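The values are calculated or read from the model by the stated rules, or taken from the named source; none is laboratory data. Note that this is a predicted model, so its numbers are computed, not measured. As a convention, Cβ positions derive from the backbone with ideal geometry for all residues, glycine included, and neighbour counts pool all protein chains shown. Quick note on the areas: whole protein, heavy atoms, side chains included, nothing else; ligands and nucleic acids left out. Shrake-Rupley method; radii C 1.70, N 1.55, O 1.52, S 1.80 Å.
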Amino acid sequence: GTLATVFYRGSGDDPKAQTTVVESTTAKTETSAAKTSTPSDPPTSTSTTSTSAPPAGPSVSLLSALPADQREVVNAAAVQILAVADKLPLMVHDEFANNDYAWPQSSQTFDGGIQCSWTVGQGAYDMAVHSVNGPAYCQSGLSKVASGFVLTVEQHLRDERNSDIGILFRYTDDQNHYAVVYNQQTQLMSLTFVGPDGESPILAPTFVAELNRSGSNQITLLATGPLIFVYVNETLVVGISNETRITSAGRILIREWLNEPNADEVLSLTRYELRGS
């Protein structure tokens, strides 16, 4: 099906630019006829230099930056988008009453004594991290891959220690993926492209009032083609357009990064729903 998308365009004082736009994500194909020479055309030795502009980078639209009346319009459209996305084919719906989807379960000790463990039980998928002399992280995910999808996860930290929680998507390896990362204590959220040349920020760490500092947070991530939308506790926070570096299918991983040394923390994933393909 076709997903409608919504984002805000604004630049300076141009009233025509300050509009909310609802578009279709159905690809528009442009064709152009190549200009060819006839046999009678004389050869030319004139050299030409291309003046085409480099591809534009991603466009970031923060809902919190909009006036209240425009936020209301965008949020209404964002709700409609999710209603359409809920009709996408269901890939996973897991509330962890058992391990029907075969989430990895194991424990592992790494160099220096860092420990990770992953277990399913009591309505949650628990990822435990033990740090030693500095920060430490663990990550896990299903083997399923998706390109265009909507993902909703609910998760909380057992002890609410200073931790960064990440959702990695379109993941093929550690040098090819995107990462949405948030911290409950600071209520900061970021979105980064990770490529062979390192990390490239798309959304710098930004304060998100919708993040709960304690208890559970629900994160919904919608990615379709070059468009990425992030919702926090059912409110649209940011829309990204023209992000074309990875549009192919990849895995989705959950990462817990414990920022405190010599500490323990458990991230409990209590809902995981994935729709798309």
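Quick one: which residue in 171, 182, 125, 178 is in contact with a Lys or Arg (Cβ under 9 Å, 6 or more places away or on another chain), under 25 Å from residue 210 (Cα atoms) and of a type in the set (Ser, Thr, Tyr)? Spell out the reasoning first.
Values: 171 fails: under 25 Å from residue 210 (Cα atoms); 182 fails: in contact with a Lys or Arg (Cβ under 9 Å, 6 or more places away or on another chain); 125 fails: in contact with a Lys or Arg (Cβ under 9 Å, 6 or more places away or on another chain).
That would be 178, the only listed residue that is in contact with a Lys or Arg (Cβ under 9 Å, 6 or more places away or on another chain), under 25 Å from residue 210 (Cα atoms) and of a type in the set (Ser, Thr, Tyr).
If you check every pair at least six apart or on different chains, which have Cβ atoms under 6 Å apart with a residue in region 59-77 that is touching a residue at least 12 places away in the same chain (Cβ under 8 Å) first and a residue that is open to solvent by 80 Å² or more (accessible area, probe 1.4 Å) second?
As it stands, the answer is 63/71; 77/22, since those pairs meet every condition given.
Which condition number in (1) in contact with a strand residue (DSSP E or B) (Cβ under 9 Å, 6 or more places away or on another chain); (2) farther than 21 Å from residue 267 by Cβ; (3) not small (Gly, Ala, Ser) is the one that residue 220 fails?
All conditions are met except number (2).
Taking the condition among the aromatic types (Phe, Trp, Tyr), surrounded by 21 or more Cβ atoms within 10 Å (Cβ to Cβ) and not in a loop (DSSP other than H, G, I, E, B), does residue 137 pass? Give the derivation first.
Working: among the aromatic types (Phe, Trp, Tyr): yes; surrounded by 21 or more Cβ atoms within 10 Å (Cβ to Cβ): no; not in a loop (DSSP other than H, G, I, E, B): yes.
So residue 137 does not fit the description; no.
Is region 238-257 home to any residue that is more than 22 Å from residue 74 (Cα to Cα) and more than 15 Å from the chain's Cα centre (by Cα)? Can you show your working first?
First pass over region 238-257, keeping only residues more than 22 Å from residue 74 (Cα to Cα): 244-257.
Subsequent filtering for residues that are more than 15 Å from the chain's Cα centre (by Cα) retains 256-257.
Looking for residues that are more than 22 Å from residue 74 (Cα to Cα) and more than 15 Å from the chain's Cα centre (by Cα), one finds at least one in region 238-257, hence yes.
From the list 219, 252, 240, 228, which one is in a strand (DSSP E or B) and touching a Pro at 6+ places or on another chain (Cβ under 8 Å)? Step through it out loud before you land on a result.
Working: 219 fails: touching a Pro at 6+ places or on another chain (Cβ under 8 Å); 252 fails: touching a Pro at 6+ places or on another chain (Cβ under 8 Å); 228 fails: touching a Pro at 6+ places or on another chain (Cβ under 8 Å).
Step by step, each of 219, 252, 240, 228 is checked, and only 240 is in a strand (DSSP E or B) and touching a Pro at 6+ places or on another chain (Cβ under 8 Å).
Would you mind finding the one in 215, 225 that is more than 14 Å from the chain's Cα centre (by Cα) and on the phi > 0 side of the Ramachandran plot? Reasoning before the result, please.
Numbers: 225 fails: more than 14 Å from the chain's Cα centre (by Cα).
Of the residues listed, the single one that is more than 14 Å from the chain's Cα centre (by Cα) and on the phi > 0 side of the Ramachandran plot is 215.
Among the residues of region 255-269, write down those that are out of contact with any Cys (no Cβ under 8 Å at 6 or more places or on another chain), part of a strand (DSSP E or B) and charged (D, E, K, R).
Taking region 255-269 as the starting set, the residues that turn out to be out of contact with any Cys (no Cβ under 8 Å at 6 or more places or on another chain) are 257-269.
With part of a strand (DSSP E or B) added as a condition, the list becomes 257-258, 264-269.
Answer for region 255-269, where residues must be out of contact with any Cys (no Cβ under 8 Å at 6 or more places or on another chain), part of a strand (DSSP E or B) and charged (D, E, K, R): 264, 265.
So residue 92 ticks every box in (1) open to solvent by 50 Å² or more (accessible area, probe 1.4 Å); (2) modelled with pLDDT of 90 or more but one. Which box is left unticked?
With (1) open to solvent by 50 Å² or more (accessible area, probe 1.4 Å); (2) modelled with pLDDT of 90 or more applied to residue 92, the lone miss is (1).
Just one of the numbered conditions (1) in contact with a Lys or Arg (Cβ under 8 Å, 6 or more places away or on another chain); (2) aromatic (Phe, Trp, Tyr); (3) open to solvent by 40 Å² or more (accessible area, probe 1.4 Å) is not true of residue 101; which one?
So residue 101 meets the others, but not (1).
Residue 107: farther than 30 Å from residue 247 by Cβ, modelled with pLDDT of 95 or more and among the small types (Gly, Ala, Ser), yes or no? Please lay out each step first, then the result.
Numbers: farther than 30 Å from residue 247 by Cβ: yes; modelled with pLDDT of 95 or more: yes; among the small types (Gly, Ala, Ser): yes.
Yes: the conditions hold for residue 107.
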